[in-house]
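Asks: If you scroll down you'll find the structure; I have some questions about it.
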Amino acid sequence: MAPLQLALIARQLRPQRRELALGMAALLVVNILGTTLPLLVQRTINALKPGFSLADLMHQALLIAALATVMGLVRLASRVLVFGAGRHVEVSLRQRIFDHLLRQEPGWVQQAGSGDVISRSTSDVENVRRLLGFAVLSLSNTAMAYALTLPAMLAIEPGLSLAAILLYPLMLLLVGLSGGRMMRQQRRLQQDLAAMSDLVQEDLSGIGAIKIYGQEGSERAAFADLSRRYREAAITLARTRSTLFPLLEGISSLSVLVLIALGCSRLEAGSLSLGGLIALILYVERLVFPTALLGFTLSTFQTGQVSLERVEELLRRRPQIEDSPQPHAAGVPSPAGARLEARGLQIRYTDAREPALDGLSFTIEPGELVAVVGPVGCGKTTLARALGRLLPVHQGQLFLDGVDVTRLRLADLRRQLALVPQEGFLFTASLGDNLRFGAPETDLATVAAVAERAQLAGDVAGFPDGYGTLVGERGITLSGGQRQRTALGRALLMEAPLLVLDDALASVDNRTAAAILQDLRRRSRQTVVFISHQLSAAAACDRVLVLERGRLVQQGHHDELLGQPGPYRRLWDREQAASQLQAV
């Protein structure tokens, strides 16, 4: 085993070293007793001569039974302690993974594939638990059994003992030859399982699109192909195991036959007592189980190593967005809203030929309602995500109330900013719980007040259970507009100094959108960045920023921009023409 893998295993077990040490001590006692019992049997059998009383026999039998009972109880204690250590590691590892995932940026979580992440968090952690519980116990037991049993056998009859275990190196050779193959096969099996999980997760999320485009057949075929690959990998691994384990058991049984055959001749020659032969048979039988189990133990160990590597690979992944080593303390929010400033803001996605945002510079004063508009792909959503640091931002390019956002703690920044994306995610909970998600202790009256501001109260009145209505997975029971207004109400409840709406009213009719914006204008305690493709709604804002190919090409009031030739007037004319066509 590579030193790195041993280090990984030791690091996982270090917090449970006390329980593990006690379990190993108990296991050592078990093996000492297991080595002592055949010697007692040998002494008892050899003492069965004329004059040996029944009372002496009963005394020896009771002693053997008592030691066997103690050995059973101590063995149980060793299993509880070692398996318990594995369970503790399992729970701790799951919590570490969950905490680690919460620190990652959203972009990576989406790219990594939720199926693979779930597979590493569940089945891989389960395999690690078996590695640190069963495999550690079994290997330790095998090592102790050989270390204590072989000297006892050699002390009884060296030649016969060596002949009996002569086939055991062949068992170890078979295990060694099969170990690498089983590890590769197990890795492939885990990868195929992760691919299946990815497909199921993706198809459940996109079930609507699958049905609309009639692609049930193609998705069924894709899943069948992945299932076939998983089945072939599982059968290949099972074939290897099914070949190895019977061979190990057969070889171990042959050693008992060799012992009996050679031992009988020694009995006739008088060089070995009957008690000694029985003791040797008991010792060989004692080694058969751990040796035969070695193949399964190795398989579990190899599987656990693969899974541990996959889990550690996940945990080694450092988030690209972290708190500064020397964070700036967040100031007291201004009652008039936040001041936002960009200085040459540049964002480039990995492998992209051109930056998504290219040198943006602007200032938004406290209390302003500023619209950000532009054609599709101009960088509007990238700007919204940059404001919330949902993607990496370079130092010295974005400032909130005069403080570089990269110097603010993420928790402080996100208390001062509320971001409403176009696809506002809703949880499988009640409507009220979704509205109060950012502040779970909020009372119902406050929840109803923000629903009124989000123009959602009228819809809630028509729901049979009001704010207790379950919205279903991802808000499936609500319309697109209701989902967006629920997400908006959730952000309004936070009363953050800066509110960013990323096309968050795209599914809302123009009259409702106008009512929401009028409410936002009346509340001077917030600075609002309204990112939208609805220019009619942007016309009600204090100022409009126009983006094109990641650059700020125009800014000013709606009327001022209409009087200038340029992108904004073209976008306005296009929207008006589309409205006239819809009215015909």
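Asks: Please determine whether any residue of the stretch 461-478 is at pLDDT 90 or above, in contact with a Leu (Cβ under 9 Å, 6 or more places away or on another chain), open to solvent by less than 40 Å² (accessible area, probe 1.4 Å) and among the β-branched types (Val, Ile, Thr).
Replies: Scanning the stretch 461-478 turns up no residue that is at pLDDT 90 or above, in contact with a Leu (Cβ under 9 Å, 6 or more places away or on another chain), open to solvent by less than 40 Å² (accessible area, probe 1.4 Å) and among the β-branched types (Val, Ile, Thr).
Conditions (1) in contact (Cβ under 8 Å) with a residue 60 or more places away in the chain; (2) surrounded by fewer than 23 Cβ atoms within 10 Å (Cβ to Cβ), marked per residue:
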| residue | (1), (2) |
| --- | --- |
| Leu498 | yes, no |
| Arg522 | no, yes |
| Leu535 | yes, yes |
| Ala538 | yes, no |
| Cys541 | yes, no |
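Asks: Also, quick follow-up: For the stretch 519-570, which residues satisfy the criterion of being farther than 21 Å from Thr363 by Cβ, part of a loop (DSSP other than H, G, I, E, B) and of a type in the set (S, T, N, Q)?
Replies: Once the filter is applied, which keeps residues that are farther than 21 Å from Thr363 by Cβ, part of a loop (DSSP other than H, G, I, E, B) and of a type in the set (S, T, N, Q), the stretch 519-570 yields only Gln534.
Asks: Taking the criterion of being open to solvent by 40 Å² or more (accessible area, probe 1.4 Å), more than 21 Å from Pro290 (Cβ to Cβ), assigned to a helix (DSSP H, G or I) and free of Cβ contacts under 8 Å to residues at least 60 places away in the same chain, would at least one residue in the stretch 33-41 satisfy it?
Replies: no
Asks: Further question: Can you pull out the residues in the stretch 297-313 that are of a type in the set (A, V, I, L, M) and open to solvent by less than 10 Å² (accessible area, probe 1.4 Å)?
Replies: Selection gives Val306, Leu308, Val311.
Asks: I'm checking my understanding of the structure. Among residues of the stretch 272-296 that are surrounded by 20 or more Cβ atoms within 10 Å (Cβ to Cβ) and hydroxyl-bearing (Ser, Thr, Tyr), which one is modelled with the lowest pLDDT?
Replies: My answer is Thr291.
Asks: Now for a separate question. Within the stretch 502-510, identify whether any single residue is out of contact with any Ser or Thr (no Cβ under 7 Å at 6 or more places or on another chain) and loosely packed, with under 15 Cβ neighbours inside 10 Å, and answer yes or no.
Replies: Looking for residues that are out of contact with any Ser or Thr (no Cβ under 7 Å at 6 or more places or on another chain) and loosely packed, with under 15 Cβ neighbours inside 10 Å, one finds at least one in the stretch 502-510, hence yes.
Asks: Next question. With open to solvent by 50 Å² or more (accessible area, probe 1.4 Å), under 32 Å from the mean Cα position of the chain (by Cα) and closer than 23 Å to Thr382 by Cβ as the only criterion, which of Arg483, Arg551, Arg570 stands out?
Replies: Arg483
Asks: Follow-up question, since we're still on this one. Quick one: count up the residues across the stretch 384-418 that are open to solvent by 20 Å² or more (accessible area, probe 1.4 Å), among the small types (Gly, Ala, Ser), modelled with pLDDT under 90 and part of a loop (DSSP other than H, G, I, E, B).
Replies: 1
Asks: Let me ask you something else. Name the residues in the stretch 494-529 that are within 35 Å of the chain's Cα centre (by Cα) and not acidic (Asp, Glu), would you?
Replies: Matches in the stretch 494-529: Met494, Ala496, Pro497, Leu498, Leu499, Val500, Leu501, Ala504, Leu505, Ala506, Ser507, Val529.
The values are calculated or read from the model by the stated rules, or taken from the named source; none is laboratory data. Since the model is a prediction, treat every value here as computed from it, not as a measurement. So basically every Cβ, Gly included, is an ideal-geometry build from the backbone, and we count neighbours across all protein chains shown. Just the protein is used for accessible areas: all its heavy atoms, side chains included, with ligands, DNA and RNA removed. Shrake-Rupley method; radii C 1.70, N 1.55, O 1.52, S 1.80 Å.
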